[in-house]
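Enquirer: Questions regarding the structure given below will be posed in turn.
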Number of protein chains: 2
Amino acid sequence: MIETPYLLFLGDAPDPLAAKVAQGIKDWRPENAIGQFRMDGCKADLRLPDMTLAQAKAAGAKTLVIGVANRGGVISQAWKKVLVTALEEGFDLASGLHNLLMDEPDLVAVAEACGRALHDVRVPEVDYPIANGVPRTGKRCLAVGTDCSVGKMYTALAMDREMQARGMKSTFRATGQTGILITGDGVPLDAVVADFMAGAVEWLTPDNDPDHWDLIEGQGSLFHVSYSGVTMALIHGGAPDALILSHEPTRTHMRGLPGYGLPTLEALRDLSLTLAQVANPACRVVGVSVNTAALDDDAALACLAEIEGRMGLPTVDPFRQGAGRLVDALASV
Amino acid sequence: MIETPYLLFLGDAPDPLAAKVAQGIKDWRPENAIGQFRMDGCKADLRLPDMTLAQAKAAGAKTLVIGVANRGGVISQAWKKVLVTALEEGFDLASGLHNLLMDEPDLVAVAEACGRALHDVRVPEVDYPIANGVPRTGKRCLAVGTDCSVGKMYTALAMDREMQARGMKSTFRATGQTGILITGDGVPLDAVVADFMAGAVEWLTPDNDPDHWDLIEGQGSLFHVSYSGVTMALIHGGAPDALILSHEPTRTHMRGLPGYGLPTLEALRDLSLTLAQVANPACRVVGVSVNTAALDDDAALACLAEIEGRMGLPTVDPFRQGAGRLVDALASV
């Protein structure tokens, strides 16, 4: 649906985490990421070639993807000049922001005049049902985090990649804008109306072969007061057979909530399992995935060993080490 | 905003619970409930006078309120004839259904031709913020249930009524269509977009006097897989100081989910408190409210005594006994 390859627009990202949409596309579909476009003050860098619109066009880019997320999802005026010029130079635009491209009259007018497309991947395109809680065939795995942005999506994508390499049956199920931009479909869960959240997750993970695994993209955290309702709907709508605990060991407070410390992995394990067993009494916690990007090799290995010893669960950084041990752990379910 | 008094439309309600919107209006604003309009096969009865549209008009009714909720919130074709006729006879219409009056072209056309208003109280009219988790002044109380439709709204309304009678500072905060139809304002939480649910609850319960209590209308249940995400957002957005556990002792399975048994009150207490203390470490469980409508007096009193002994918490049916002991219990917070 969205024409590839992309030029990834990083705007004036205030920190690298704000560019996680673009980072995810680059990591999981590098063939689609021709270059990055950064504005003055941009604090993110994907280590892709910095390109002007003209350079990217010459290199074959078809769509400018807004690969940066701001709190509240606003399309700033500072971005508008670039976006309008991109349309005029023949790019389509794709965005996962709450504030929609289609709600910006200037962008709509220019896109129409230039015959270009505006893709708002965050807009739900399906009338999702209310969840019915009926058990489904096939298996499902969900990563739950001590905080937002700790590597839940990476964990699911890495497990999917590993399972595909082993010839196992698996599908990555996208629930956010990055995942949808990577895979081309999914449910933009944080934009779904509250009553239909769990039903949307049931719809996304239907009956399947008994040996098929859905790797469901996690969202938010049960311990993050801004987004915990979304996480709850993923747990009850997804009815996972297996949970992975996700963690970032250098985080000092919950993302965006300076007054809130992180929970322990033990607290996350106990709370997540209690809630998941409401929908699927057979659910088990099978492993831990740790985002050690902020640690050097020695510190990362020490951190992983400490957690593995404490929790008694296979513990890996799927970005450093691959997801093989987490996939192995699914065999126990 | 909505003109009173009302004629309450019960349609073809499949059971009395389906008419809980109308029941709530009758119980808490009886002066606004002139009569009921029932169609063939209606299984609900509010013990109000059954009126034709003409009789209600003659008695002074200004608005026909759709006081019945169907699974999925559909406006059936069977209702349309009555609604169109009501507009033609000079009634406004008010509805809390997901399926909006304003999305029905025939109703919109007739309303326009007749100069009547269509009120969709479920439609959010505010751009709610993302929750920031910052502690607020004043106190908040939330009822959480073992299931949906167990008396959470009644509990909050009864506590508010008792506190007003005692000259205490309190406000009932509506989060659903019934509450909004009763009070005239509130947040239609189950229609809010997922990312903004907790922020909407923060917006609804702002800073207040230190001795003021918000009595927040509960929704769903942490143990109801269809709606648990909404309950989660109420707990983290409301950041309650006091929790009331709500229960209906004759329920044999979760409402609408035949495969799901009810949790124990102990499980509800432990899970709710764990989650609430993420947002407000001082939160306490202060009492139990039991909907004993299905029991006779002796059975009801025995049930309440058994729960009170087991849980060690003041336990009342606020509809039978008033909410005095629950209000007393707030003094311990």
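Enquirer: To the nearest 20 debye, what is the magnitude of the charge dipole of chain A about its Cα centre, counting +1 on the Cβ of each Lys and Arg and -1 on the Cβ of each Asp and Glu? Walk me through the intermediate numbers first.
Expert: On the way: 28 positive and 41 negative charges, 64 e Å.
Dipole of chain A, to the nearest 20 debye: 300 debye.
Enquirer: Just the accessible area for B:Thr137, please: 1.4 Å probe, Å², rounded to the nearest 10?
Expert: 80
Enquirer: Provide a whole-number value for the mean count of partner chain Cβ atoms within 10 Å of the Cβ atoms in peptide A:127-133.
Expert: 5
Enquirer: Per residue and in cubic angstrom, what volume does the convex hull of the Cα atoms of chain A have?
Expert: 134
Enquirer: OK, next. Among the helices of chain B (complete DSSP H runs), which have Cα atoms covering no less than 30 Å along the helix axis and a Kyte-Doolittle mean of at least 1.0?
Expert: Counting only whole DSSP H runs, no helix qualifies.
Enquirer: Here is a further query. Equivalent ellipsoid semi-axes for the range B:189-333, as square roots of 5 times the alpha carbon gyration tensor eigenvalues: give them largest first, rounded to whole Å.
Expert: Values: eigenvalues 129, 83, 34 Å².
For the range B:189-333, the ellipsoid semi-axes come out as 25, 20, 13 Å.
Enquirer: Using the C-alpha atoms of the range A:97-142, what convex hull volume per residue, in cubic angstrom, is computed?
Expert: Cα-based convex hull of the range A:97-142, divided per residue, equals 146 Å³.
Enquirer: Also, quick follow-up: Which lysines have a Cα less than 19 Å from the Cα of B:Lys169, not counting those fewer than 8 places away in the same chain?
Expert: Excluding near neighbours in sequence, the set is B:Lys139.
Enquirer: Another question about this same structure. For the range A:128-182, report the % of Cα-Cα distances exceeding 15 Å.
Expert: Working: 892 of 1485 pairs.
Pairs farther apart than 15 Å: 60 percent.
Enquirer: Taking the convex hull of the Cα atoms, report for the range A:143-257 its projected area averaged over all directions, in nm².
Expert: 7.3
Enquirer: Can you give the three extents of the C-alpha atoms in the protein assembly as shown along their principal axes, from longest to shortest, in whole Å?
Expert: 75, 61, 51
Enquirer: Can you grab the distance from the C-alpha centre of the range A:1-71 to the C-alpha centre of the range A:250-277, Å, no decimals?
Expert: 31
Enquirer: Hey, got the average number of other protein chain Cβ atoms within 10 angstrom for residues in A:229-242? Could you put the intermediate results ahead of the total?
Expert: Details: counts 19, 7, 2, 13, 9, 1, 4, 9, 4, 0, 1, 0, 0, 0.
Mean partner-chain Cβ count within 10 Å for A:229-242: 5.
Enquirer: Also, I was wondering about something else. Estimate for me the total accessible surface buried between chains B and A (protein heavy atoms, probe 1.4 Å, no ligands or nucleic acids), in Å² to the nearest 100.
Expert: Rounded to the nearest hundred, the buried surface is 3000 Å².
Enquirer: With the cut-off at 1.5 for a/c, could you classify the range A:47-128 from its C-alpha gyration tensor as rounded, prolate or oblate?
Expert: Prolate, since a/c reaches 1.5 and a/b exceeds b/c.
Enquirer: Taking H as built 1.01 Å from N, whose amide H comes closer than 5 Å to the amide H of B:Arg255, not counting residues under 5 places away?
Expert: B:Cys148
Enquirer: Which whole-number percent is the relative contact order of the range A:88-202 (Cα, under 8 Å, 6+ apart)? It would help to have the intermediate numbers written out before the result.
Expert: Working: 124 pairs, mean separation 31.7, N = 115.
Across the range A:88-202, relative contact order equals 28 percent.
Enquirer: If you don't mind, there's one more thing I want to ask. Within 10 Å of each Cβ in peptide A:185-197, how many partner chain Cβ atoms are there on average? Round it to a whole number, please.
Expert: Across the residues of A:185-197, the mean count of other-chain Cβ atoms within 10 Å is 6.
Enquirer: Okay, moving on. So what is the relative contact order for the range A:29-125, in percent, with contacts set as C-alpha pairs under 8 Å and at least six apart? Intermediate results must be reported in sequence, preceding the final value.
Expert: Details: 111 pairs, mean separation 22.2, N = 97.
Contact order relative to length: 23 percent.
Enquirer: Report ³J(HN,Hα) in whole Hz for each residue of the range B:48-62, in order, from the Karplus equation J = 6.51 cos²θ - 1.76 cosθ + 1.60 where θ = phi - 60°; Gly and Pro get x.
Expert: Ordered by residue, 3J(HN,Hα) equals 9, x, 6, 10, 6, 4, 5, 5, 5, 4, 5, 7, x, 5, 9 Hz.
Enquirer: Only counting protein heavy atoms at a 1.4 Å probe, give the residues of the range A:212-227, ordered by number, whose accessible area falls by 20 Å² or more when the other protein chains are present relative to the chain alone.
Expert: A:Leu222, A:Phe223, A:Val225, A:Ser226, A:Tyr227
Enquirer: Right, something else. If packing is taken as the mean number of other Cβ atoms within 10 Å per residue, what is the order of B:14-26, A:265-277, B:258-270, highest first?
Expert: Those peptides, ordered most packed to least, come out B:14-26, A:265-277, B:258-270.
Enquirer: What residues qualify as long-range amide H neighbours of B:Lys169, i.e. H under 5 Å apart, gap of 5 or more or another chain, H built at 1.01 Å from N?
Expert: HN-HN under 5 Å from B:Lys169: B:Trp213.
Enquirer: With each run of n ≥ 4 DSSP H residues scored as -39500 (n - 2.57), what mean residue ellipticity at 222 nm is computed for chain A after dividing by its residue count and rounding to the nearest 500 deg cm²/dmol?
Expert: Helices in chain A give a 222 nm mean residue ellipticity of -10500 deg cm²/dmol.
Enquirer: Moving on to the next point. Explain nothing, just the number: relative contact order of the range A:121-268, from Cα pairs under 8 Å at least 6 residues apart, as a whole percent. Present the calculation step by step, with values, prior to reporting the outcome.
Expert: Working: 297 pairs, mean separation 55.1, N = 148.
Computed over the range A:121-268, the figure is 37 percent.
Enquirer: Would you mind classifying the range A:5-83 by shape? Square roots of the alpha carbon gyration tensor eigenvalues, ordered a ≥ b ≥ c; an a/c under 1.5 is rounded, otherwise it is prolate if a/b is larger than b/c and oblate if not.
Expert: The shape class here is oblate.
Enquirer: Within straight cross-link reach of B:Lys43, meaning Cα distance under 20 Å, which aspartates and glutamates are found once same-chain residues fewer than 8 apart are removed?
Expert: B:Asp12, B:Asp15, B:Asp27
Enquirer: Return the long-range amide H neighbours of B:Arg140 (sequence gap of 5 or more, or a different chain), with a cut-off of under 5 Å between placed amide H atoms.
Expert: B:Asp214, B:Asp241, B:Ala242
Enquirer: I've got another one for you. Please sort by residue number the GluC sites (Glu not before Pro) in the range A:39-117 whose DSSP state is loop and whose Cβ has at most 10 other Cβ atoms within 10 Å.
Expert: none
The values are calculated or read from the model by the stated rules, or taken from the named source; none is laboratory data. From a predicted model like this one, the values you see are computed outputs, not experimental measurements. Reconstructed Cβ throughout: ideal geometry from the backbone, glycine too, with neighbour counts over all protein chains shown. Side chains are part of the model used for accessible areas, which takes the heavy atoms of the whole protein and leaves out ligands, DNA and RNA. Shrake-Rupley method; radii C 1.70, N 1.55, O 1.52, S 1.80 Å.
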